[in-house]
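Following: one structure in structure tokens, then a few remarks.
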Amino acid sequence: MYVGGSWYTTYTHVPQYISTKMRSLMLESREYTIFDLTDKSKVTIQLNSTQMIGRILHGKTYKDLLSTYTAYSGRLAPLPSWVDRGAVIGLEGGTKVVMDTVAKIQASQGSLDDVAAVWLQDWTGERRFNNSGKDIGRVGLWWNWEVDQTHYPDWSGLVSNLTSQGVQVLIYINCLVTDVSKRGTPYRRNLYKEGIENGYLVKLDSGELWLGYTEGALVDLTNKKAYKWFMEVIQEEMLATNVSGWMADFGESLPLNAALNSKADPAKLHSKYPEMWATLNKEAITTYKPVDGITYN
């Protein structure tokens, strides 16, 4: 396992294609799938199953085919109105870096009217990624989904300050957790420890805890208690701080030799997991309170 994933990683869970000849095919199967489009004369699909279920779509234009597909798959809800107001700027580095950058933009533009939001993915703190104990030279995040008060002291004040100026705050989450006790700075919760103690994390059929990307453990979303726990983490640690949305990352790495709480076959659930993860994010918002937020994978 390395930082970029593994052979069974499904980075984009959309088992469908549209060709320049207005041909389109989609699969309803949820097993691990490989689409091979390297041969100009044909498309080859490999599926980890003895049965393939799908649909051949008809249309005269790209729009026709896309409309036919989304009539089945569902269509995105309209984005919040503030999204079209200006740029969404990705920043990292802590409170001072963020406020200094915003101040520079305001000074050069005369206002913040052209800034719709800032995306602060490092709200949980920064960490050096490693592979098998070896530093790979990449700075990532602590996947412990609460504010790192050392990195962002007075987080609520920062969010309030920015939103009062019409700048929304967006953050980041994924469905893995890492052991924050190794960070060396204060923390309130250790979600990795909570997950282990309650049996909320994916294990292999050998009984070992699955550790994927940079020692991250995957939440077992087939466990109803784990699902509710992680949804409440989003509500208590994110929505309660009045952020306006987040990037909901990953979901593609369920190992094929997992021993899931539901006893489901991980091979058949592999490409269903990203849908479950997206649904959890949506439910976290809709069951909390009306929020003008964004969640996307």
Item to complete: Return yes when Met276 is within 18 Å of Trp145 (Cβ to Cβ), part of a strand (DSSP E or B) and open to solvent by 30 Å² or more (accessible area, probe 1.4 Å) and no when it is not.
Response: no
Item to complete: Give me a count of the residues in the range 200-212 that are in contact with a helix residue (DSSP H, G or I) (Cβ under 8 Å, 6 or more places away or on another chain) and farther than 16 Å from Ser253 by Cβ.
Response: 1
Worksheet entry | Output for the range 223-238, where each listed residue is in a helix (DSSP H, G or I), within 19 Å of Ile171 (Cβ to Cβ) and open to solvent by less than 10 Å² (accessible area, probe 1.4 Å) | Phe230, Val233, Ile234
Worksheet item: So, in the range 166-192, of the ones that are more than 21 Å from the chain's Cα centre (by Cα) and charged (D, E, K, R), which residue ends up surrounded by the most Cβ atoms within 10 Å (Cβ to Cβ)?
Response: Arg183
Discussion item. Quick check on my filter: what residues within the range 74-96 are open to solvent by 60 Å² or more (accessible area, probe 1.4 Å) and either touching a residue at least 40 places away in the same chain (Cβ under 8 Å) or part of a helix (DSSP H, G or I) (or both)?
Written reply: Leu79, Ser81, Asp84, Arg85, Val88, Lys96
Worksheet entry | Hits in the range 240-258 (condition: over 18 Å from Leu91 (Cα atoms) and of a type in the set (A, V, I, L, M, F, W, C)) | Ala240, Phe250, Leu254, Leu256, Ala258
Worksheet item: Which residues, counting only those in the range 202-222, are in a strand (DSSP E or B) and open to solvent by less than 10 Å² (accessible area, probe 1.4 Å)?
Response: Ala217, Leu218, Val219
Worksheet item: Any chance the range 193-201 includes a residue that's among the polar types (S, T, N, Q), open to solvent by 20 Å² or more (accessible area, probe 1.4 Å), modelled with pLDDT of 95 or more and not in a loop (DSSP other than H, G, I, E, B)?
Response: yes
Discussion item. Residues that are more than 30 Å from Arg75 (Cβ to Cβ) and open to solvent by 30 Å² or more (accessible area, probe 1.4 Å): does the range 239-252 have at least one?
Written reply: no
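The values are calculated or read from the model by the stated rules, or taken from the named source; none is laboratory data. Just so we're clear, the structure is a prediction, and the values are computed from it rather than from any experiment. Here Cβ is always computed from backbone atoms with ideal geometry, including for glycine, and neighbour counts include all displayed protein chains. These accessible areas exclude ligands, DNA and RNA; they are computed on the full protein's heavy atoms, side chains included. Shrake-Rupley method; radii C 1.70, N 1.55, O 1.52, S 1.80 Å.
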